[in-house]
């Protein structure tokens, strides 16, 4: 058991070093409410984390009908009993006194308490009116990455086949859309090739824009234990900030924001130039290598150094490490996904593994990571801009298969164009063609870019907004109907993490007041709307989580994300299991692509690919011509300058990111005392050189301004690259110390007041790391300000 007393000051706990090729030792982390000991616990209920994407398995401690703590599950393959700070303390938000307990409806401009029949009646009446008057394109759904699989699948069915709208996406668009798109571009299909267990075997680990130490704390514990053991792996870190990952790296590359493609092209150039290509693997399993070799021929380290402002010698050293690795594991996250040329850059990491033949074997892993606990489920279930079961909207046979599963006519399922992405959904609402927006478990009034624009959209009289959440968030404040939802520990369902591990989370306690599980809310809406299949039977035939899971199994059968070998009983009591799990692979599948590329054939693939510059979808005939045998596609990308660059008025590059203590817009973590105390307010980071040039010092109140807006924050000088400013994005308006919102025209605390409305052309993921900014002094530090908890800083 971890004996570390303070998991705020030490988020990663005690080390358990281990050697390559041996199992990661277990360590059970526990945190119980003050005054409660383990013998006082009435029962322990199985669950997994809902506050990051790692998928840490845990048990919930229940006493007298209330949650009183958590304990890691030592048998689980993901965490071997370990828990991070958000796992250990975040459960306290469930019992926060400001939980929503009754529906709210807007009367005379104010939200007032109501009952479920009234609230659902208003939603149903508006949906029916819009369907009759303007058609299904007038209704949209914007969901989260924190529901359960059963809820996403139900939402996808009622939206796609019930309403018949193409406008369904999740806030996973902000964090994991590029991961999905990059995998589809390279392998023809979503699904992580690698496994967390690759850390146990790798001799080299490369992290591209991924501050693992803060975003996946338990995965970092695993890597730390390898680094502390015998024969540790070499570590390459690409991050403009000097994080804990960077401190442990053999090579740390800190490029200018927006230059990832240039850097990766130079790494590929060096690997090809030095003859470190696995030609047998490339010839057997890929198409496109010659085009890549030609594209990067002139992309020397010296060329990239002039663009990225990284020494050419460092690029050469990193390429040598990557090129000589025998067991290379790479991970990618928001430093790539939320920056310029996001998909193009992520695809180059895939290319790195393809040209080196680093797939399908222990230690040879690739993880295009997620940011949210069930982001993988949104992708599988079709709640994020895809069709369920990784089906291809351009493939009529795939649409027909899905129609047969749902017993509807194929034309019922919209597939005339790509499913609408979140940024376009909000644009349609702004333009007026979308008149109803149902927002579930997310807070776009803080998390989307250019917040003044988002607030004005949500506040429109003509837009009917439904907010389904736990608390009266900034978004819920602007809604017409607010539905109180149950959360983790108060409902049952499954969630799948970033390495395809499926966990069961069981109901431990009752939700407060009249709050309902999201699944029950969706089922109620479907029943009130009386959605029907083509035989006039009910479209949705399931009634609880387990029957919804069985329905999903039928939808996943035969697809890459096949769940047919799983059920709730198999997921109880032991470890999570990785999909695909079938009769042929009853214990799950550790790694994909162990025997060639499985899902890229034109008849099977989820996507025919897109143009790396325009984002235009390739036609089926183009893909068949390019890749008739279904191999991995090595797709080159030319570096292009960012859309917004620095200037005399805005001389700094702005990036945003996370801190280890908070999740998204602090809806839960701000209500956990230890987490809130660790990072109670927004801050801004610049380098000591930048601070000195402007006469600024730690603790000064500064204003970060861009062409969109401004944020006021306390200054921290850190080892970030010169010419850059960092803001954590978690902080909104309603949780200000004064408890009220500043004037619309005044600087606030939300980083997204400043970020640009721009997105990657391929994945449509917003670009939170490409803006230009200036930092100015507002007030000198007072004697009692400027304190902070010292950890790695926040992730890129």
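The values are calculated or read from the model by the stated rules, or taken from the named source; none is laboratory data. Fair warning: this is a prediction, and the values are worked out from it, not measured in the lab. Please note: Cβ atoms are built from the backbone with ideal geometry, for glycine as well, and neighbour counts cover all protein chains shown.
Yes or no, residue by residue, for (1) in contact (Cβ under 8 Å) with a residue 24 or more places away in the chain; (2) within 30 Å of residue 185 (Cβ to Cβ); (3) in the same structural domain as residue 188 (by TED's automatic domain parsing):
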| site | (1), (2), (3) |
| --- | --- |
| 621 | no, yes, yes |
| 628 | yes, yes, yes |
| 638 | yes, yes, no |
| 642 | yes, yes, no |
| 666 | yes, no, no |
| 682 | yes, no, no |
| 695 | yes, no, no |
| 709 | yes, no, no |
| 714 | yes, no, no |
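If I filter segment 243-250 for residues that are farther than 16 Å from residue 638 by Cα, more than 26 Å from the chain's Cα centre (by Cα) and surrounded by fewer than 21 Cβ atoms within 10 Å (Cβ to Cβ), do I get at least one hit? The answer is yes; a qualifying residue exists. Residue count for segment 579-602, restricted to those that are farther than 13 Å from residue 558 by Cα and part of a loop (DSSP other than H, G, I, E, B): 13. Only one of the numbered conditions (1) modelled with pLDDT of 95 or more; (2) assigned to a loop (DSSP other than H, G, I, E, B); (3) surrounded by fewer than 24 Cβ atoms within 10 Å (Cβ to Cβ) is violated by residue 418, and that is (1).
One line per residue, one yes/no per condition, for (1) farther than 28 Å from residue 126 by Cα; (2) in contact with a helix residue (DSSP H, G or I) (Cβ under 6 Å, 6 or more places away or on another chain); (3) at pLDDT 95 or above:
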| position | (1), (2), (3) |
| --- | --- |
| 496 | yes, yes, yes |
| 502 | yes, no, yes |
| 508 | yes, no, yes |
| 514 | no, no, yes |
| 520 | no, no, yes |
| 525 | no, no, yes |
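Taking residue 424 as the residue in question, decide whether it is outside the structural domain of residue 182 (by TED's automatic domain parsing), touching a strand residue (DSSP E or B) at 6+ places or on another chain (Cβ under 8 Å) and in contact (Cβ under 8 Å) with a residue 60 or more places away in the chain. In short, no. Per the listing 165, 154, the residue uniquely closer than 20 Å to residue 517 by Cα, touching a helix residue (DSSP H, G or I) at 6+ places or on another chain (Cβ under 7 Å) and assigned by TED's automatic domain parsing to the domain that holds residue 521 is 154.
Of all residues in segment 439-479, those that are in contact (Cβ under 8 Å) with a residue 60 or more places away in the chain, under 20 Å from the mean Cα position of the chain (by Cα) and in a strand (DSSP E or B) total 3. Evaluating residue 306 against the criteria (1) more than 24 Å from residue 192 (Cα to Cα); (2) in contact (Cβ under 8 Å) with a residue 60 or more places away in the chain; (3) in a helix (DSSP H, G or I); (4) over 27 Å from the mean Cα position of the chain (by Cα) leaves one unmet condition, (2). When 315, 321 are screened for being crowded, with 24+ Cβ neighbours inside 10 Å and closer than 22 Å to residue 300 by Cβ, only 315 passes. Among the residues of segment 665-706, those identified as part of a loop (DSSP other than H, G, I, E, B) and either in contact with a strand residue (DSSP E or B) (Cβ under 6 Å, 6 or more places away or on another chain) or over 22 Å from residue 447 (Cα atoms) (or both) are 682, 687, 695, 696, 697, 698, 699, 700, 706.
Residues in segment 248-282 that are touching a strand residue (DSSP E or B) at 6+ places or on another chain (Cβ under 6 Å) and within 15 Å of residue 307 (Cβ to Cβ): 253, 257. Among the residues making up segment 548-588, those that are under 22 Å from residue 387 (Cβ atoms) and loosely packed, with under 14 Cβ neighbours inside 10 Å are 554, 558. Residue-level analysis places residue 744 outside the set of residues that are in a loop (DSSP other than H, G, I, E, B), in contact with a helix residue (DSSP H, G or I) (Cβ under 9 Å, 6 or more places away or on another chain), at pLDDT 95 or above and not assigned by TED's automatic domain parsing to the domain that holds residue 182.
Could you go through segment 480-494 and let me know if any residue there is out of contact with any helix residue (DSSP H, G or I) (no Cβ under 6 Å at 6 or more places or on another chain) and free of Cβ contacts under 8 Å to residues at least 24 places away in the same chain. Checked against the condition, which is being out of contact with any helix residue (DSSP H, G or I) (no Cβ under 6 Å at 6 or more places or on another chain) and free of Cβ contacts under 8 Å to residues at least 24 places away in the same chain, segment 480-494 yields no hits at all. Considering only segment 210-247, how many residues are touching a strand residue (DSSP E or B) at 6+ places or on another chain (Cβ under 9 Å) and over 30 Å from residue 686 (Cβ atoms)? Total satisfying the criteria: 4.
All conditions but one from (1) closer than 20 Å to residue 636 by Cα; (2) surrounded by fewer than 24 Cβ atoms within 10 Å (Cβ to Cβ); (3) touching a residue at least 60 places away in the same chain (Cβ under 8 Å) apply to residue 300; the one that does not is (3).
When restricted to residues that are closer than 18 Å to residue 196 by Cβ and in contact with a helix residue (DSSP H, G or I) (Cβ under 8 Å, 6 or more places away or on another chain), segment 225-239 contains 5. The set of residues in segment 58-79 that are within 17 Å of residue 220 (Cβ to Cβ) and not in a loop (DSSP other than H, G, I, E, B) contains only 72. In segment 94-114, of all residues being touching a residue at least 60 places away in the same chain (Cβ under 8 Å) and assigned to a loop (DSSP other than H, G, I, E, B), the one that is surrounded by the fewest Cβ atoms within 10 Å (Cβ to Cβ) corresponds to 98. Of the set (1) modelled with pLDDT of 95 or more; (2) under 20 Å from residue 239 (Cα atoms); (3) touching a helix residue (DSSP H, G or I) at 6+ places or on another chain (Cβ under 9 Å), all apply to residue 761 but (2). Residues that are in contact (Cβ under 8 Å) with a residue 40 or more places away in the chain and in contact with a strand residue (DSSP E or B) (Cβ under 9 Å, 6 or more places away or on another chain) were ranked within segment 538-547; the one that is surrounded by the most Cβ atoms within 10 Å (Cβ to Cβ) is 545. The residues listed here are 75, 37; of these, the one that is without any contact (Cβ under 8 Å) to a residue 12 or more places away in the chain and surrounded by fewer than 17 Cβ atoms within 10 Å (Cβ to Cβ) is 37.
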